[in-house]
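Worksheet: the structure to be examined is printed underneath.
The values are calculated or read from the model by the stated rules, or taken from the named source; none is laboratory data. This one's a predicted model, so the numbers in the text were calculated from it and none came from an experiment. All Cβ positions, even for glycine, are placed from backbone atoms using ideal geometry, and neighbour counts span all protein chains on display. Side chains are part of the model used for accessible areas, which takes the heavy atoms of the whole protein and leaves out ligands, DNA and RNA. Shrake-Rupley method; radii C 1.70, N 1.55, O 1.52, S 1.80 Å.
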Amino acid sequence: MAHETILIVDDERDITELIRYNLEKENFNTITVASGEDALVEARKSLPALIILDLMLPGVDGLEVCKKLSQDELTHHIPILMLTAKSEDSDIILGLEMGADDYVTKPFSPKVLIARVRALLRRNKEKESRRKEAVIRIHGLTIDTTRHEVLCDGQLLALSVSEFSILEFLAKNPGWVFSRNQIIGAVKGEDYPVTERSVDVQILGLRKKLGPKGVCIETVRGIGYRMTEE
């Protein structure tokens, strides 16, 4: 089993070695750099599980590194643990606003640092797990249930709330046939005052917007609709 890699960014050699030693003792892999510029390059290159970042760096400082990493599509998901000699609330708040996830002030206890690292990694894994569960991929469609967005072969579709809800419901249950009333109940709730005919209208509009992918929503005569299995 591979161990997580931690990127340590600090220009103080003694601090870097202290962190590296304690992380490796806990079976983490480590990479060390001493400048903000190198941190930006290394983060994109190695995509570490977590970054320990000193705010007081020569050249590009830690706050700017935080900002750039959090805005970069390739690195925005990597949790950042700020390491700083500053303990004023304003400095900590600014770092968190720039994209850091947590902080430890110098001087620090190695045990506390390791505990913060483990907590951040655990939270990030849980967040990634929830994000993956929230995305449905089927027939070339990517349905993001948290953002309420649908991509069809990479192109964003403009769906109404009802169209999105119906597509989401059918995509979560491929192969299963649902009556119009079942679809209404699932996307609007029981006893919602809407006619079965409205489902047909929504399905028709949805198929048009899906283009060639619209055939994946099948009409089952006398019953209702289903999303075909891949």
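The longest stretch of the chain left intact once loop-based trypsin sites (Lys or Arg not before Pro) with at most 10 other Cβ atoms within 10 Å are removed from consideration, loops following DSSP, is 1-146. Once the convex hull of all Cα atoms in the chain is built, its volume per residue stands at 166 Å³. Under the simplified labelling scheme, the ASP200-THR105 pair shows an inter-label distance of 6.9 nm, with each label point 7 Å from Cα along Cα→Cβ.
For the range 67-157, the average shadow cast by the Cα convex hull is 7.4 nm², which is a quarter of the hull's surface. Length gained on full extension, LEU96 to ALA115, computed as 0.36 nm times the residue gap minus the Cα-Cα distance: 5.0 nm. Applying both filters, DSSP loop and at most 12 other Cβ atoms within 10 Å, to the GluC sites (Glu not before Pro) of the range 65-147 gives GLU73, GLU88. Using 13 Å as the cut-off for backbone N distance, which residues of the range 35-74 belong to the label zone defined by a point 7 Å from the Cα of ALA85 along Cα→Cβ? Answer for the range 35-74: 55-58. Here, the range 1-131 is characterised by an Rg to Rh ratio of 0.92, where Rg is the alpha-carbon radius of gyration and Rh the Kirkwood radius. Taken as Cα centroids, the range 19-65 and the range 125-170 sit 34 Å apart, rounded to the nearest whole angstrom. Dividing the mean sequence gap of close Cα pairs (under 8 Å, 6+ apart) by how many residues the chain holds gives a relative contact order of 12 percent.
A simple spin-label model places the labels of LEU156 and LYS188 2.8 nm from each other, with each point 7 Å out along Cα-to-Cβ. Using θ = phi - 60° in the Karplus curve 6.51 cos²θ - 1.76 cosθ + 1.60, the 3J(HN,Hα) couplings for the range 164-175 round to 4, 4, 5, 4, 4, 4, 5, 5, 6, 10, x, x Hz; x is entered for Gly and Pro. Here the range 78-176 exposes an accessible surface that is 51 percent carbon and sulfur, computed with a 1.4 Å probe and the other protein chains kept in place. Helical content alone sets the calculated 222 nm signal of the chain at -14000 deg cm²/dmol, taking -39,500 (n - 2.57) per DSSP H segment of four or more residues and averaging over every residue. Only beta bridges with both residues in the chain are counted; by DSSP, about 50 percent of them are antiparallel. Restricting the range 1-38 to GluC sites (Glu not before Pro) that sit in a DSSP loop and have at most 11 other Cβ atoms within 10 Å of their own Cβ leaves nothing.
The ellipsoid equivalent to the alpha-carbon distribution of the range 128-177 has semi-axes of 15, 14, 11 angstrom, derived from the gyration tensor eigenvalues as √(5λ) and listed largest first.
Counted residue by residue at 0.36 nm each, then reduced by the alpha carbon distance between them, the extension gain from VAL41 to ARG13 reaches 8.1 nm.
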